[in-house]
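Take a look at the structure set out below.
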Amino acid sequence: MEIQLSKTPGARERRADPRLCIDKCLQTVIARTLPKRNFSNRRLGRNGRVWNDEHVTAELAGAIVVRQVGSDANVASGLTDVLVDCVEGGASVGFMLPLSRERAEAYWTSALDSASRGERILMVAEEEDTGVVVGTVQVLLTAPENQPHRGEIAKMLVHRRARRGGVAEALMQAIEAAAREVGKTLLVLDTSSADAERVYERLGWQRVGVIPGYALWPTGGLVDTTVFYKKLS
């Protein structure tokens, strides 16, 4: 999958319109920041479908590529960097401080193996020029036999240096498209991040409510979580 988000003058003031596309094999997604009225130079996946027209403001220098990964040892180190940075920044995502690289990398090795077995879909956002991983998201596909239509979003993470540039929205749009492609019609997630809540609401997710004291902050102390769902058309 590819997503290109290029920095342009006045990006803070302007809203850009990415055209996200995905092919049937979930290998080629391209999003470009285009003027909203210009539809002629969109690049489409081989099946020719445009998945959405959500707004993203591109603040990053250079292009960002979003792609699906499986059992890829080369990407585990970059994913570890992102996870450690997010947890050290206070994100409640299942880990306590101190978080060693060994423990973080062991998680990603397991997650990548799971993705290679088809139990989840795992996306990474990378700087196109350097290949540095700046974000990631997953959808868990395994569910009870009476819930084959449901997927769960997990580990939506963006490195602190790459935030507020459209990466989170691009990751979410790509993972929603991937989930839809494999037959999921309902997605759920929970978050303890107010910034993430705003992203989900912009993308049409429905807020269910708050569960108090659901987990712990990385440094200790109870934190609430907010539950969301989204029906995929």
GluC sites (Glu not before Pro), restricted to the range 99-164: which are DSSP loop and have at most 14 other Cβ atoms within 10 Å? 119, 145
Between residue 215 and residue 130, how many nm apart are label points set 7 Å from Cα along the C-beta direction? 2.7 nm
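To the nearest 0.05, how large is the calculated FRET efficiency for residue 161 and residue 185 if R₀ is 30 Å and r is the Cβ-Cβ distance? It would help to have the intermediate numbers written out before the result.
Numbers: r = 36 Å, r/R0 = 1.18.
Plugging the Cβ-Cβ distance into 1/(1 + (r/R0)^6) gives 0.25.
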Subtracting the Cα-Cα distance from 0.36 nm times the residue separation, let me have the gained length for residue 73 to residue 97 in nm, one decimal. 6.2 nm
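Determine, from the Cβ-Cβ distance of residue 106 and residue 232 and an R0 of 25 Å, the FRET efficiency 1/(1 + (r/R0)^6), rounded to the nearest 0.05.
Numbers: r = 32 Å, r/R0 = 1.28.
About 0.20, to the nearest 0.05.
Would you mind classifying the range 52-183 by shape? Square roots of the alpha carbon gyration tensor eigenvalues, ordered a ≥ b ≥ c; an a/c under 1.5 is rounded, otherwise it is prolate if a/b is larger than b/c and oblate if not. Please list the in-between numbers first.
Numbers: a/c = 1.61, a/b = 1.12, b/c = 1.44.
Oblate, since a/c reaches 1.5 and b/c is not below a/b.
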From the square roots a ≥ b ≥ c of the eigenvalues of the alpha-carbon gyration tensor of the range 162-208, which class results: rounded (a/c under 1.5), prolate (a/b over b/c), or oblate? oblate
Looking at the range 69-148, which trypsin sites (Lys or Arg not before Pro) are DSSP coil and have at most 13 other C-beta atoms within 10 Å of their C-beta? 117
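No lab work stands behind these numbers, since they all come straight from the coordinates. What you are looking at is a predicted structure, and each value in this text was computed from that prediction instead of being measured. With ideal geometry, Cβ positions are generated from the backbone for all residues, glycine too; neighbour counts draw on all protein chains shown.
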